[in-house]
Structures are given as structure tokens and as C-alpha cells.
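Presented below is the structure to which this report refers.
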Protein chains: 2
Amino acid sequence: MSNMLIDCCAPLAAETLSAEEAAATAELFKALADPARVRIVNLIASAREPVCACHLNEPVGLSQPTVSHHLKKLVDVGLLEREQRGKWAYFSLRADAVDKLAAVADLKGVCC
Amino acid sequence: MSNMLIDCCAPLAAETLSAEEAAATAELFKALADPARVRIVNLIASAREPVCACHLNEPVGLSQPTVSHHLKKLVDVGLLEREQRGKWAYFSLRADAVDKLAAVADLKGVCC
């Protein structure tokens, strides 16, 4: 675990935000700033169990290499966990990342 | 109000997600995928009252035109509200957008 970019994020509602935290938070949003990645995260969230990469390309409507590229980005930023099972990789949401993402995007405490 | 992009977003954890909803959700994240915009939203959230554009360029460390460009993007996507007071514009978080952003990024119900 850790040294993932998501660990460096700070909530949008943080009392103070360093330049590094703002950059990490922006990177996290950037990882999700793509319709295919939004769909991939949605499909994995809906499955509620690890999803084989081989089951994502059809619903997302993209080739296997393109889906793999998006999966790698989501793993790199720390949102997804990758588990190798034989020839295929399976992907699931990282529980700590789910908490972090919700905290980062929550402005309700300070608004409006 | 309304016809804002943010109104078309669907949560990452939605049971089904149309191509249009995935695109709108990705656009919302894209609006926040920039360190300057993260800082601007953070400063406005911390202020808890409308903030003059003229008070943002110094803490963000960017020129007034650049800050205005970022503010326009955040208004266009529906996160901020713009109010003209004399020669200056004041910006605040839109309450419905705050709720929507928190809902969009919340995967806790389905994870892990």
C-alpha cells in the first residue's frame, strides 16, 4: 500500500491546501476525467467483486489494449487494486481510496 | 439554474450509466483536474461567503485573466455561482452542485 498519489490528496474543503496537495487532488480528478474510466469504475463498483479485464472491453465498447491502458491509470493513481489470476488480471476498488475520494469531493460541511 | 453540465452527471456508483451520463460525469471531474481550480474551489469553500475575483489571484499565484478563465470554467460546469457587484464579480459554491459532486464521488455504498 501507499505512496499512491491518492494518499497525497487533500479535501476540496480542507482548511489549508499546499501546492502539492492541490496538485495531487487535481491528478485524482484527472484520472476520472474520462468517460471510459468513469464507466470502468462504475462497472467495477456495480459488480461488488473483482472484475476480470476480459469482461470490461465489451460493456465499455473499447479494445482490450485501450481498456488495459485505462485500468493501469486507475491502478497507478490508487483507485483500483490489481490481482493476477492465471492469465487474466482482476480489478477491484481499493477501500481506502473510496473513502478518500468521497472525502476529497465533499464540500457539504463548508457550504453554502 | 439548470441545463448545467453538472445536472447531467450520474454517480460513479449508479446502477446503470448511460454514455451521456458517463461523459457528463467525466466533464465534471475534468473541471476539477487542475491544481489552480482545486485551489480556487478550496479558497471559496473556506471563505463561506462570496469571494471577489480580485481576492483570488494573489493566493492562487496567477494573473487576474488566468484566474478569470478558471472561474469561467467552474461557472460553466455549474460548480460556482457568479454575482456582479459593481465592477467586480463575486463567486460562491452552488449548493446543489455541492450535493451533486459529493454524490457523484461517493462509492462507499457499493464498496468494498
I need the full set of residues from region A:60-92 which are touching a residue at least 40 places away in the same chain (Cβ under 8 Å), open to solvent by 20 Å² or more (accessible area, probe 1.4 Å) and closer than 25 Å to B:E20 by Cα, in order please. A:K73, A:S92
Can you tell me which residues in region B:19-36 are open to solvent by 30 Å² or more (accessible area, probe 1.4 Å) and not in a loop (DSSP other than H, G, I, E, B)? B:A19, B:E20, B:E21, B:A23, B:E27, B:K30, B:P35
Looking for whichever is in a loop (DSSP other than H, G, I, E, B) and within 18 Å of the chain's Cα centre (by Cα) here; the options are A:D76, A:D106. Which one fits? A:D106
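Yes or no, residue by residue, for (1) touching a helix residue (DSSP H, G or I) at 6+ places or on another chain (Cβ under 8 Å); (2) closer than 19 Å to B:K108 by Cα; (3) among the aromatic types (F, W, Y):
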| site | (1), (2), (3) |
| --- | --- |
| A:R39 | yes, yes, no |
| A:L43 | yes, yes, no |
| A:A47 | no, yes, no |
| A:V51 | yes, yes, no |
| A:C54 | yes, no, no |
| A:K73 | yes, no, no |
| A:D76 | yes, no, no |
Applying the selection to region B:2-11, what residues are open to solvent by 20 Å² or more (accessible area, probe 1.4 Å) and in a loop (DSSP other than H, G, I, E, B)? B:S2, B:N3, B:M4, B:P11
Look at A:A14 and say whether it is under 19 Å from B:D99 (Cα atoms) and surrounded by fewer than 20 Cβ atoms within 10 Å (Cβ to Cβ). yes
Only one of A:S92, A:S46 is more than 30 Å from B:P50 (Cα to Cα), modelled with pLDDT under 95 and within 8 Å of another protein chain (Cβ to nearest Cβ). Can you tell me which? A:S46
Among the residues of region A:79-95 satisfying the criterion of being in contact with an Asp or Glu (Cβ under 8 Å, 6 or more places away or on another chain) and outside any loop (DSSP other than H, G, I, E, B), which is nearest to B:G109 (Cα to Cα)? A:L93
Which one of A:T16, A:T66 is part of a loop (DSSP other than H, G, I, E, B), on the phi < 0 side of the Ramachandran plot and β-branched (V, I, T)? A:T16
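The values are calculated or read from the model by the stated rules, or taken from the named source; none is laboratory data. On a predicted model such as this, the values are computed, not experimentally measured, just so you know. Positions of Cβ are backbone-derived with ideal geometry, glycine not excepted, and every protein chain shown enters the neighbour counts. To get the accessible areas, we keep the full protein, side chains included, count just its heavy atoms, and leave off ligands, DNA and RNA. Shrake-Rupley method; radii C 1.70, N 1.55, O 1.52, S 1.80 Å.
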